[in-house]
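In what follows, a single structure is set out as structure tokens and then discussed.
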């Protein structure tokens, strides 16, 4: 048997057909519909050119604001997850008693559905009946009590906090997988050369887990750009429209029957995701080559 | 042999995949129910289980699914469902959805052909098409049914479209959503007269707030209450600019140009900024409203007259309560409103006969009497059949104080096109305004923009000009 034989091209056919039918075609169709006045009230669909895109950026309802919010959420949610996740992964990589238990505990929130997490945290963060404010009051820190999900100053940090609580364990697991591939001998050699902890971290650990960082970044960025459930279940885009993302705006625009505009918003999000995704993949391939 | 096996396996996989993706043409109402992610009430489940074991063989074993917004059904409705199941064997699986998501979810389900057999919608003569998208496509036609005449004829336009009747609206005819206030508490604080102007309201709020009591309890987290105060006083806007409703309905005037509306929004913001709606009113819901009112944590709330009995029943308070009209913008107009939630049936339901049986059951005289007798917040039922109504003295007292000429203009959401449909959007914009993110005028500009979109896409000739 010739083990080096490459699989024939037609093996890819089924996967390709499924990809075209269920992903590519709807995406292209979506772009077409974003150029129409497709809506719930009329059976006739008329081509309107880029009117929906113009409306999106000129409307007083400020759809552009949701794009800014989406990018803001993507950037900050990744920072608040990845940095602590990396720190935890490095800590739990050490020979620590009960480290598997810690790892499990940290990973557990990631298996919970957003809906459950949202409902739990909505009640924890409730301004008058919430567990958090009750706790702060009872330990004499009443000055720190806030209207967590209602106040404009605290609503985003609260969302990021909940999102990090859920996501850190998952990112940490990916980092751990990367850390376990680093041979101990590298560290031993560095120690002999007199390297301190931070030098080892800077010159051995971080370069060696680049692929794990990239995986986490790709997952994190794509997650952030299409995030919906965590925000919807915690604030429904509120207070007012303060935490509206493109996805929550798409949901409400679609629900109000303006499918053309909703599809245009989705198309913009699709373009941003595609652009960012392509840039990351290109960067990743470059790094892989270097390694 | 391996190749043949592989090909056969592939064919089987593809067939299974295609079958799974195929449009469902047959199925039961139970299947539809199982696919939905809503709450099924325990009461109904228990009732249906009981019915399963006790129903005689000739009774139907059909289960109808029903979708409803939170707060629209209460014990009276579940009691009637139980009675219907007992009589016919037909079970009704009620799926309750939070109010702020209900209409969005309903529209999505209607367009994707996954709607329940029965569903509710808040409708008025202008809104039936826009709220339900298209009654001709999605709703069962009941024009030939006898029971439609049980409804007060004034309500028929709200459930009709192009001359056909599609729904059943059993609702009360009370001064809906007026101010319910604790008369005893007011007197103790030296407030001897209910406010009739905004200045008086503001002064009273200040007095009440100084005692550490929430002056006007507004459950902002419900998502639908705060904008109601703005819409419910439609008469005062019409009064300030006669012909306003007609001009708005023919697209000759815009909301953003109405100074009175700006004034009312500004007043609401002032009340919110001063903490008169409660410190965390935006995050507070109405689930504890009766206790908050009965325990004197708050002095006023916008509610129906029947709420007084509910407060007293929930807390056993001996305080006296009264009613007055929402005095924002110095309003003294009665909130005339022939609209309300109505029950519709899915045109594509597998069980049209069972659906009709339920409508017929609900509109019997004894069912209507049961409905009123077991509703804690209703004092009457707006129907043509003779039943014993329970008007309360506070309600009659309010009615005698209102000038008849102040009862002719309907509330804004019923009298002006394309308003009710954007209820939640306006609510969100108002919160943004209260939080200084946009201006009062922006709230109205957004309202105009959405009206413009709706009027245009629906081909309304007044918007096509």
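The values are calculated or read from the model by the stated rules, or taken from the named source; none is laboratory data. Note that this is a predicted model, so its numbers are computed, not measured. Using ideal geometry, Cβ is built from the backbone for each residue, glycine included, and neighbour counts are taken over all protein chains shown.
The residues in segment A:15-45 that are out of contact with any helix residue (DSSP H, G or I) (no Cβ under 6 Å at 6 or more places or on another chain) and over 20 Å from residue B:450 (Cβ atoms) can be counted, and the count is 20. Considering each residue of segment B:190-214, count those that are without any contact (Cβ under 8 Å) to a residue 24 or more places away in the chain and touching a helix residue (DSSP H, G or I) at 6+ places or on another chain (Cβ under 6 Å), and give that number. Summing the residues that are without any contact (Cβ under 8 Å) to a residue 24 or more places away in the chain and touching a helix residue (DSSP H, G or I) at 6+ places or on another chain (Cβ under 6 Å) in segment B:190-214 gives 1.
In segment B:61-72, which residues are closer than 22 Å to residue B:352 by Cβ and within 15 Å of the chain's Cα centre (by Cα)?
Just the residues of segment B:61-72 that are closer than 22 Å to residue B:352 by Cβ, to begin with: B:61-68.
Within segment B:61-72, B:67, B:68 qualify.
Given B:85, B:40, B:54, which one is within 33 Å of the chain's Cα centre (by Cα), away from chain A (no Cβ under 14 Å) and modelled with pLDDT under 90? Unique residue meeting the criteria: B:40. Select from segment B:409-441 the residues that are closer than 28 Å to residue A:44 by Cβ and within 9 Å of chain A (Cβ to nearest Cβ) and list them in ascending order. Scanning segment B:409-441 gives B:421, B:422, B:424, B:425.
In summary, residue B:275 fulfils each of the numbered conditions (1) within 14 Å of chain A (Cβ to nearest Cβ); (2) under 26 Å from the mean Cα position of the chain (by Cα); (3) in contact (Cβ under 8 Å) with a residue 12 or more places away in the chain with the single exception of condition (2). Mind listing whichever residues of segment A:192-231 are without any contact (Cβ under 8 Å) to a residue 60 or more places away in the chain and within 14 Å of another protein chain (Cβ to nearest Cβ)? Listed by number, the list holds a single entry, A:228. Taken as a whole, the condition of being more than 14 Å from chain B (Cβ to nearest Cβ), at pLDDT 85 or above, buried (at least 17 other Cβ atoms within 10 Å of the Cβ) and part of a helix (DSSP H, G or I) applies to residue A:76. Candidates in segment A:29-71 are the residues that are without any contact (Cβ under 8 Å) to a residue 12 or more places away in the chain and under 13 Å from residue A:243 (Cα atoms); of these, the one that is farthest from the chain's Cα centre (by Cα) is A:64. Restricted to helices (runs of 4 or more DSSP H) entirely inside segment A:86-172, those with at least 1 residues that are within 14 Å of another protein chain (Cβ to nearest Cβ) and out of contact with any strand residue (DSSP E or B) (no Cβ under 9 Å at 6 or more places or on another chain) are A:114-124, A:131-138.
Selection of segment B:215-239 for residues being within 20 Å of residue B:433 (Cβ to Cβ), over 16 Å from the mean Cα position of the chain (by Cα) and in a helix (DSSP H, G or I) yields B:234, B:236, B:237.
Yes/no matrix, rows are residues, columns are (1) over 22 Å from residue B:380 (Cα atoms); (2) exposed (fewer than 15 other Cβ atoms within 10 Å of the Cβ):
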residue: B:113; (1), (2): yes, yes
residue: B:116; (1), (2): yes, no
residue: B:124; (1), (2): no, no
residue: B:147; (1), (2): no, no
residue: B:205; (1), (2): yes, no
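Here B:444, B:368, B:385 are screened, and the one residue that is away from every other protein chain (no Cβ under 14 Å) and at pLDDT 95 or above is B:368.
Could you tell me which residue of segment B:134-156 is modelled with the lowest pLDDT, considering only residues that are under 20 Å from residue B:174 (Cβ atoms) and assigned to a helix (DSSP H, G or I)?
Taking segment B:134-156 as the starting set, the residues that turn out to be under 20 Å from residue B:174 (Cβ atoms) are B:150-156.
Narrowing the set further to residues that are assigned to a helix (DSSP H, G or I) leaves B:150, B:153-156.
Numbers: B:150: 93, B:153: 86, B:154: 81, B:155: 88, B:156: 90.
Residue satisfying both the conditions and the ranking: B:154.
Residues are listed down the side, and each one gets a yes or a no for (1) assigned to a strand (DSSP E or B); (2) under 29 Å from the mean Cα position of the chain (by Cα); (3) closer than 23 Å to residue B:312 by Cα; (4) at pLDDT 95 or above:
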residue: B:171; (1), (2), (3), (4): no, yes, yes, no
residue: B:176; (1), (2), (3), (4): no, yes, yes, no
residue: B:180; (1), (2), (3), (4): yes, yes, yes, yes
residue: B:185; (1), (2), (3), (4): no, no, yes, yes
residue: B:191; (1), (2), (3), (4): no, no, yes, yes
residue: B:203; (1), (2), (3), (4): no, no, no, yes
residue: B:212; (1), (2), (3), (4): no, no, yes, yes
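The one condition from (1) away from every other protein chain (no Cβ under 14 Å); (2) surrounded by fewer than 22 Cβ atoms within 10 Å (Cβ to Cβ); (3) under 24 Å from residue A:149 (Cα atoms); (4) touching a strand residue (DSSP E or B) at 6+ places or on another chain (Cβ under 7 Å) that residue B:270 does not meet is (4). Of the residues making up segment B:95-116, one or more are modelled with pLDDT of 85 or more, farther than 17 Å from residue A:259 by Cα, in a helix (DSSP H, G or I) and within 12 Å of another protein chain (Cβ to nearest Cβ).
Take segment B:429-451 and flag every residue that is assigned to a helix (DSSP H, G or I) and free of Cβ contacts under 8 Å to residues at least 24 places away in the same chain. Full working, then the answer.
Within segment B:429-451, the first condition is being assigned to a helix (DSSP H, G or I), and the residues that meet it are B:429-434, B:440-451.
Within segment B:429-451, B:429, B:432, B:442, B:446, B:449 meet the criteria.
Mind checking which residues of segment A:49-68 are assigned to a loop (DSSP other than H, G, I, E, B) and more than 11 Å from chain B (Cβ to nearest Cβ)?
Our first condition is that a residue be assigned to a loop (DSSP other than H, G, I, E, B); within segment A:49-68, this holds for A:49-50, A:59-62.
Matches in segment A:49-68: A:49, A:50.
Condition check for residue B:413 on (1) at pLDDT below 90; (2) in contact with a helix residue (DSSP H, G or I) (Cβ under 9 Å, 6 or more places away or on another chain); (3) in a helix (DSSP H, G or I): one failure, at (1). Here is a check on your reading of the model: is residue B:265 within 30 Å of residue B:104 (Cα to Cα) and over 25 Å from the mean Cα position of the chain (by Cα)? No: the conditions fail for residue B:265. Tell me, yes or no, whether segment B:398-409 has at least one residue that is in a helix (DSSP H, G or I), in contact with a strand residue (DSSP E or B) (Cβ under 7 Å, 6 or more places away or on another chain) and under 30 Å from residue B:252 (Cα atoms). Checking segment B:398-409: at least one residue is in a helix (DSSP H, G or I), in contact with a strand residue (DSSP E or B) (Cβ under 7 Å, 6 or more places away or on another chain) and under 30 Å from residue B:252 (Cα atoms).
Listed here are the residues, each with its yes/no results for (1) away from every other protein chain (no Cβ under 14 Å); (2) at pLDDT 95 or above; (3) within 18 Å of residue B:447 (Cβ to Cβ).
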| position | (1), (2), (3) |
| --- | --- |
| B:254 | no, yes, yes |
| B:284 | no, no, no |
| B:288 | no, no, no |
| B:294 | yes, yes, no |
| B:300 | yes, yes, no |
| B:307 | yes, no, no |
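All conditions but one from (1) within 24 Å of residue B:326 (Cα to Cα); (2) within 8 Å of chain A (Cβ to nearest Cβ) apply to residue B:459; the one that does not is (1).
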